[in-house]
Amino acid sequence: MRRMLSPRILLSSLPNASAQKLFLIVLIIFAFWVVFMTSKDHTEFMVHLNNRIILRRWSIFKEFLHSEELKNTPASVEAELAVTAILEKLNQQIPPRPFQTHSSTTSAKQSTATIHNPQRTYCVGDQLNVLLVAKDYFGNRKEYGGDFLRARMSSPALKAGASGKVTDFNNGTYLISFTLFWEGPVSLSILLMHPSEGVSALWRARNRGYGKIIFTGQFLNGTSPVLTECGLTLNTSAELCQYLDARDHEAFYCLKLPGVPCEALTHMTSKNSNISYLSLEEKLLFRRFNIGVEVVKNLSIVVSPCNNKTNKKKKKCQIGMETPSPGGYTLKGRWITAHCEQNEFRAIKDINNCLTRKLIYLMGDSTLRQWIYYLPKVVKTLKFFDRHGAGPFKTHILLDTERHIFVQWKKHSHPFVTNKLFSMKDDNYIPREIDQVAGDSGTAIVISFGQHFRPFPINVFIRRAINVKNAIERLFLRSPETKVIIKTENIREINEHVEIFSDFHGSIQNLIIRDIFRDLNVGIIDAWDMTVAYRSEDVHPPESVIESQIGMFLNYIC
């Protein structure tokens, strides 16, 4: 029998000390390898050995990028159930309406509007009610509701205006309520924006598909940019680049380019497509002369001061207050809240005192970017910090180093609709941005999104709103003193792209926002109410409206 050689015998057989040392090193390595391979954790160890420094955000991104599908977690299942519940509620509120001919739809000219229980004297603070009866083009009374109406009272000489509240009785009649906020002659306006048949068509068309907007992604292949189709969903069997947020069930895709990695996506742009989900007959309802037609003309009253009325003392405006409808009015071109007492921030000293040692994060669309353009016009010590980048949608930062003021605007992520090229390298969903904020008593977050969601099925907007709410709740757990303000959508111009950008879509999204955030301790800036009162029919309101919005914001944080 052959005898096994022991390590000591092997060592003595080697010619010199150097060879003996080399043999010992090899032996130790071999022993380590045997122990390591028999360990159940050797695979995990190898991963750590090959990746000694792991960047957490990158590893998360890679996980989302290569995951085959969005995984269901208890939180995501709960969110999807909430999306479904809200969608079912909306479908009940916007039922399908019959559409036979244009003449059978609601006619502004044939419909009637009369003051309900008219009085000899109207006093400041009173409520004025107008009863509207909807009729078709033959003069027949409508038997169902659903018309999209816009009501406003105004006194042009006083630069005064306020919205009216519309109550739909679902039988062809509507009650429009106005609060008489100021004295003097007041004119009343009720516009038929869309008949109920048009509302039904818009609702159905919105939720049929994603094809109304075409996204184009720009990838960098070496030094040459290459383009490919992208979107919230792509109906194709081709290989896709998946940009997924598994936690919040947010998804965006691009067609995979041969030989170009998915991480090479650098920029994005979009344009309106020729796809429409409306029939030719339905499109007639959205010709410009059929939108925003006055139901009643020359309806006016005179409001008296009636000094016997006692004004109740209002509490100071603060976060957490319920915002009524209407939430206020304009007078002499300035916004005045109806439910709380405002502090006037007219003097630069007062504004600086409020903003000193504040970190302010503006998260949303270009209607919120207007704030960061307006602020340095008023507060001259606020200066833009150049973070490089290009275009209007780069991240903007204002600094006042002496007073330690920091203001940042950052766009929200998909969907973002613009024909201007914007970078994808500083792109993030609002919930993820909120998660990055530590928060304290000197921190304020303002959130506004909606305009870019109008062309897409409503479940996209509902899901984003729920994810934002969840992120705010996480923020309040670690920092309950952080102030969060929600700025609602504003009305916009009427153009030929009604199917995509109608204010009807915005009105539904405003209802959703109020429903989802009603139990959170947040402040609401009702940009919808403001822009109706100002009669600002522009997606980017004038500076008088922006000044009023920022004034409300300062009241909330100081």
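Can you say what percent of the DSSP beta bridges in segment 361-469, counting only those with both residues inside, are antiparallel? Round to 5.
Values: 8 of 16 bridges.
Close to 50 percent.
Restricting to DSSP loop positions (anything but H, G, I, E, B) with no more than 11 other Cβ atoms inside 10 Å of their own Cβ, which trypsin sites (Lys or Arg not before Pro) remain in segment 385-416?
Numbers: sites: Arg387, Lys394, Arg403, Lys410, Lys411; in loops: Arg387, Lys394, Arg403.
Sparse-neighbourhood loop trypsin sites (Lys or Arg not before Pro): Arg387.
What whole number of Å gives the distance from the Cα centroid of segment 135-210 to the Cα centroid of segment 363-380?
Going from one Cα centre to the other spans 32 Å.
Would you please put 452-458, 124-130 in order of how densely packed they are, using the mean number of other Cβ atoms within 10 angstrom per residue and starting with the highest? Walk me through the numbers before you get to the answer.
On the way: 452-458: 22.1, 124-130: 16.7.
Ranking the peptides 452-458, 124-130 by packing returns 452-458, 124-130.
How far apart, in nm, are the 7 Å Cα→Cβ label points at Lys159 and Thr114?
Rounded to a tenth, the inter-label distance reads 3.9 nm.
For segment 411-550: lysine pairs with Cα atoms under 21 Å, gap of 8 or more or different chains, count?
On the way: Lys411/Lys420; Lys411/Lys425; Lys411/Lys469; Lys411/Lys483; Lys411/Lys487; Lys469/Lys483; Lys469/Lys487.
So the count works out to 7.
Can you tell me how the chain classifies by the Cα gyration tensor, rounded, prolate or oblate, using a/c under 1.5 as the rounded cut?
Values: a/c = 2.86, a/b = 1.93, b/c = 1.48.
Judged from the Cα gyration tensor, the chain comes out prolate (a/c at least 1.5, a/b above b/c).
In deg cm²/dmol, rounded to 500, what helix-only [θ] at 222 nm does the chain give when every DSSP H run of at least 4 residues adds -39500 (n - 2.57) and the total is split over its residues?
Working: 15 runs with 173 residues, N = 558.
Value at 222 nm, helices only: -9500 deg cm²/dmol.
In the chain, with Lys and Arg counted as +1 and Asp and Glu as -1 at Cβ, which of these residues, Val83, Phe169, Gly211, has the Cα nearest the positive end of the dipole, that is, farthest along it?
It is Val83, whose Cα lies furthest towards the positive end.
Using a 1.4 Å probe on the protein chains only, how many percent of the accessible area of the chain belongs to carbon and sulfur? Working shown, then result.
Numbers: 15860 of 28990 Å².
After summing per-atom areas, the C and S share lands at 55 percent.
Could you sort Thr167, Thr401, Thr337 by accessible area so the largest value comes first, with the probe set to 1.4 Å? Could you put the intermediate results ahead of the total?
Working: Thr167 55, Thr401 115, Thr337 5 Å².
So, going from the largest accessible area down, we get Thr401, Thr167, Thr337.
With every protein chain left in place, what is the accessible area per residue of segment 252-364 in square angstrom, probe 1.4 Å?
On the way: 6650 Å² over 113 residues.
Per-residue value: 59 Å².
Along Cα→Cβ, 7 Å out, is where each label goes; now give me the distance between the ones at Asn298 and Lys271 in nm to one decimal.
Roughly 4.9 nm, to one decimal.
Using +1 on the beta carbon of Lys and Arg, -1 on that of Asp and Glu, and nothing else charged, what's the dipole of the chain about the Cα centre, debye to 20? Please list the in-between numbers first.
Details: 68 positive and 52 negative charges, 219 e Å.
Using Cβ point charges on Lys, Arg, Asp and Glu, the chain gives about 1060 debye.
May I ask you to give the solvent-accessible area per residue for segment 478-558, in square angstrom, as obtained with a 1.4 angstrom probe? Could you put the intermediate results ahead of the total?
Details: 2600 Å² over 81 residues.
With all protein chains present, segment 478-558 gives 32 Å² per residue.
The values are calculated or read from the model by the stated rules, or taken from the named source; none is laboratory data. Fair warning: this is a prediction, and the values are worked out from it, not measured in the lab. Positions of Cβ are generated from backbone atoms using ideal geometry, with glycine treated the same way; all protein chains shown enter the neighbour counts. Ligands, DNA and RNA are stripped out before the accessible areas are found, and what is left, the full protein with its side chains, is counted by its heavy atoms. Shrake-Rupley method; radii C 1.70, N 1.55, O 1.52, S 1.80 Å.
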